[in-house]
Every structure is written in structure tokens, then in C-alpha cells.
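Visitor: The structure's right below; bear with me while I get my questions together.
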Amino acid sequence: MRVVLLNGSPHREGCTYTALNEVRTTLESEGIATDMLWVGNGPVAGCTACGYCDRHNRCVVDDQVNTLLDMPFDALVVGSPVYYGAASGQVTCFLNRLFFAGSARMAGRFGAAVVSCRRGGATAAFDQLNKYFTIANMPVVPSQYWNQVHGNTPEQVKQDLEGLQTMRTLARNLAWLLRLKQAGQDAGVALPAHEPRVSTNFIR
């Protein structure tokens, strides 16, 4: 079992990393393998609706989006700082392309969002990130509170004892769900069968 943690902050080891690292450390203590993937601090291309992924199951921009699509994983934990009540531009562009190109491959994998903010806007960003999972048949992993930490520096985040506990609870819940899924598969319980996608609008 393997979990990818996506650090959507331009700061490689900042507040978002501090929260994700708490999740990673707890997962590894539960025997779950992890990979931390950083989106970087440069521009991340947004989706241009070119249709390349429909034909090739990959993004036309060959960057870390395709790297993640090629990685074996059972769950995705997405972390982001909060900018104006939303996730970072880098992680938003990354996820738009990831889910356009790989939405079908996400089905059945677990998803969780983690947000980091100085003071406000956390729940709006948290809600934004969870929408990626719920549109792709990904069960969303819960915790004891919304998955957020508060602080303006990594040192301040480390003082947010409730936030860090929320990260550990998230990790333990994820480890438990991964083991339940594996036990179900070992017992012959198949993943849900999905109908062919029907896409409509409201133009008559």
C-alpha cells in the first residue's frame, strides 16, 4: 500500500509541508509506504482543453502531472496553502490537468485534502480540494476536524497541537481504510461497477 502526498506550496518545506509530514510520519509508523511530491516554485501550466489527454491518457505538458499519473499509489493526500480563501494557483493548475487526464484511474483510490493558513479561508480551500475527489469516485478520508493547520511559519504550525493531532488522526483513518480495502479485495469483494458516463447539459 502506498500513499502519495502532494505538496502544493511553492515553499518546499514550509507550513504545508509541516502538516503533510505529520501525516507521512504517522502513515509510515502504520506500515504504509509514502512518496512526497512537490509541485515546485515555478509556474505550473493550466489546462487548455486541448483534448490530448482524451487520446493519450496523459497530459500534453510532460511535467510532474504525468509523473504522478505513472506512479503506483492507493491514496492521494493533497496539501495546499490558503491564498485568498482558495488553494494555491500551482496546485489548482496541477489538479485540473491531473484529473482531466487521469480521472478514470483515480476511481477507488482514497483522497484527502490538507490546508495550511495563517488565520482564515481554510474551510473554503478545503472544500475546493475535496471537489476533485468527489467527482472522480474517490472515497474521501475523514479526521476529527477539518484537515487544517494554522501558523505563519513551520515553527508556528508545530505549536498548533490540535491541527497536528488532526493530521495524525487523518493518517490513522487512512491506514485503517487502506487495510479494510485490502481485506475486502482478499475476500473477493470487488470495487463498484460504474455505468458508462452520461454527460448532459440543460440546453433544450
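The values are calculated or read from the model by the stated rules, or taken from the named source; none is laboratory data. Worth saying up front: this structure is predicted, and the values here are computed from it rather than measured. Methodologically, a virtual Cβ is constructed for each residue, glycine included, from the backbone with ideal geometry; neighbour enumeration extends over all protein chains shown.
Visitor: Inside the range 53-86, can you point out the residues that are in contact (Cβ under 8 Å) with a residue 24 or more places away in the chain, assigned to a helix (DSSP H, G or I) and farther than 28 Å from residue 177 by Cβ?
Guide: 53
Visitor: A further question on this structure: Yes or no: residue 22 assigned to a helix (DSSP H, G or I), more than 17 Å from the chain's Cα centre (by Cα) and not aromatic (Phe, Trp, Tyr)?
Guide: no
Visitor: Considering 54, 35, which residue is under 16 Å from the mean Cα position of the chain (by Cα), surrounded by fewer than 16 Cβ atoms within 10 Å (Cβ to Cβ) and charged (D, E, K, R)?
Guide: 35
Visitor: Determine the pairs where a residue that is buried (at least 19 other Cβ atoms within 10 Å of the Cβ), located within the range 157-183, has a partner that is small (Gly, Ala, Ser) and in a helix (DSSP H, G or I) with Cβ atoms under 6 Å apart, the partner being 6 or more residues away or on another chain.
Guide: As it stands, the answer is 167/19, since those pairs meet every condition given.
Visitor: Right, something else. Count, please, the residues in the range 61-94 that happen to be in contact with a Gly (Cβ under 6 Å, 6 or more places away or on another chain), within 14 Å of residue 4 (Cα to Cα) and surrounded by fewer than 18 Cβ atoms within 10 Å (Cβ to Cβ).
Guide: Of the residues in the range 61-94, 1 are in contact with a Gly (Cβ under 6 Å, 6 or more places away or on another chain), within 14 Å of residue 4 (Cα to Cα) and surrounded by fewer than 18 Cβ atoms within 10 Å (Cβ to Cβ).
Visitor: Right, here's the next one. Residue 97 - would you say it is assigned to a helix (DSSP H, G or I), among the charged types (D, E, K, R) and buried (at least 21 other Cβ atoms within 10 Å of the Cβ)? Steps first, answer last, please.
Guide: Details: assigned to a helix (DSSP H, G or I): yes; among the charged types (D, E, K, R): yes; buried (at least 21 other Cβ atoms within 10 Å of the Cβ): yes.
So residue 97 fits the description; yes.
Visitor: Separate question: Could you check residue 36 against (1) farther than 30 Å from residue 185 by Cα; (2) assigned to a strand (DSSP E or B); (3) among the aliphatic types (A, V, I, L, M); (4) without any contact (Cβ under 8 Å) to a residue 40 or more places away in the chain and say which number it fails?
Guide: Going through the list (1) farther than 30 Å from residue 185 by Cα; (2) assigned to a strand (DSSP E or B); (3) among the aliphatic types (A, V, I, L, M); (4) without any contact (Cβ under 8 Å) to a residue 40 or more places away in the chain, residue 36 breaks only (1).
Visitor: Could I ask something else about it? Do any residues in the range 1-18 that are among the aromatic types (Phe, Trp, Tyr) have Cβ atoms under 7 Å from those of residues that are buried (at least 18 other Cβ atoms within 10 Å of the Cβ), where the two are at least six apart or on different chains, and which pairs are they?
Guide: 17/7; 17/9
Visitor: Among (1) free of Cβ contacts under 8 Å to residues at least 40 places away in the same chain; (2) out of contact with any Gly (no Cβ under 9 Å at 6 or more places or on another chain); (3) small (Gly, Ala, Ser); (4) surrounded by fewer than 19 Cβ atoms within 10 Å (Cβ to Cβ), which single condition is residue 111 missing?
Guide: Result: residue 111 fails condition (4) only.
Visitor: So which pairs qualify, if the first residue must be in the range 125-145 and closer than 18 Å to residue 167 by Cα, the second must be among the β-branched types (Val, Ile, Thr) and in a helix (DSSP H, G or I), the Cβ gap must be under 7 Å, and the two must be at least 6 apart or on different chains?
Guide: 140/134; 143/166; 143/169; 144/166; 144/169; 145/166
Visitor: Further, regarding this structure: Name the single residue, out of those in the range 89-131 being within 24 Å of residue 171 (Cβ to Cβ) and among the charged types (D, E, K, R), that is modelled with the lowest pLDDT.
Guide: Among those residues, the one meeting the criterion is 105.
Visitor: Right, residue 144: assigned to a loop (DSSP other than H, G, I, E, B) and either in contact with a His (Cβ under 6 Å, 6 or more places away or on another chain) or closer than 17 Å to residue 27 by Cβ (or both) or not?
Guide: Here the answer is yes, as residue 144 does meet what is asked.
Visitor: Just wondering, is there one or more residues in the range 115-122 that are under 21 Å from residue 24 (Cα atoms) and under 13 Å from the mean Cα position of the chain (by Cα)?
Guide: Taking every residue of the range 115-122 in turn, at least one turns out to be under 21 Å from residue 24 (Cα atoms) and under 13 Å from the mean Cα position of the chain (by Cα).
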